[in-house]
1. Quick one: if you take sqrt(5λ) for each eigenvalue of the C-alpha gyration tensor of the chain, what semi-axes come out, biggest first, whole angstrom?
2. Take each of the peptides 30-38, 94-102, 18-26, 106-114, average the number of other beta-carbon atoms within 10 Å over its residues, and list them starting from the highest.
3. Please work out how much length the chain gains when fully extended from V17 to D5, using 0.36 nm per residue of separation minus the C-alpha to C-alpha distance, in nm with one decimal.
4. Given a 1.4 Å probe and every protein chain left where it sits, what share in percent of the accessible area of the chain is carbon and sulfur?
5. List every residue whose amide H lies under 5 Å from the amide H of V17, counting only residues 5 or more places away in sequence or on a different chain, with H placed 1.01 Å from N in the peptide plane.
6. Any idea which of V40, S65, I88 is furthest toward the positive side of the dipole for the chain, if Lys and Arg beta-carbons carry +1 and Asp and Glu beta-carbons -1?
7. So which DSSP H runs in the chain come out at 24 Å plus along the axis (Cα) with average Kyte-Doolittle of at least -0.5?
8. If the cut-off is a Cα-Cα distance under 30 Å, which lysines reach K124, setting aside same-chain residues fewer than 8 apart in sequence?
Amino acid sequence: MAYSDKVLDHYENPRNVGTFEKGDTSVGTGMVGAPACGDVMKLQIKVGENGVIEDARFKTYGCGSAIASSSLLTEWVKGKTLEEASQIKNTEIAEELALPPVKVHCSVLAEDAIKAAISDFQQKNGEEKVA
Ligand code: FES
Ligand code: FES
């Protein structure tokens with residue numbers, strides 16, 4: 001299957017790959033798997049005092065579309081509040097990357113991962129759920 005230019009760009013030059021230190025309470029971690037294919041995505045956010053996401057990291061064991069979806073997502077969430085980040089839809093990611101229908105679940109993985117990272121952060125910090 002042919003990947004779009006945007007997928008290839010993120011696949012070849014992934015943004016924000018890596019992990020933040022464990023145990024840091026300003027970090028939220030989301031780890032999700034796709035039942036459809038067994039791919040796994042780990043997404044982390046670093047949240048500032050003001051509740052704005054300052055930085056993000058990801059590690060994805062999966063296909064090019066999953067890597068591109070998580071790479072794109074780490075760019076999108078920076079500078080957003082948790083509330084704003086929780087509203088990012090997989091359809092926006094799929095559209096931006098021009099994912100074909102069989103690859104839409106890869107963008108769902110990214111949406112699930114950011115939601116999981118946000119709720120992990122909130123749990124650590126005893127905050128109300130927004131996602
Ligand atoms: Fe997940 Fe493509 S099926 S890598
Ligand atoms: Fe399953 Fe991409 S995450 S094929």
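The values are calculated or read from the model by the stated rules, or taken from the named source; none is laboratory data. If you're wondering where the values come from, they're calculated on a predicted model, not measured in any experiment. Cβ: placed from backbone, ideal geometry, glycine included. Neighbour counts: every protein chain shown. The accessibility values were calculated without ligands, DNA or RNA, using every heavy atom of the protein model including side chains. Shrake-Rupley method; radii C 1.70, N 1.55, O 1.52, S 1.80 Å.
1. After scaling each eigenvalue by five and taking roots: 24, 13, 13 Å.
2. Sorting 30-38, 94-102, 18-26, 106-114 by mean packing, highest first, produces 106-114, 94-102, 30-38, 18-26.
3. Taking V17 through D5 to full extension adds about 2.4 nm, to one decimal.
4. Carbon with sulfur: 49 percent of the solvent-accessible area.
5. Residues meeting the criterion, in which the H sits 1.01 Å from N, are F58.
6. Result: V40, furthest along the dipole toward the positive end.
7. 104-124
8. Hits, sequence-local ones excluded: K22, K42, K46, K59, K78, K80, K89, K115.
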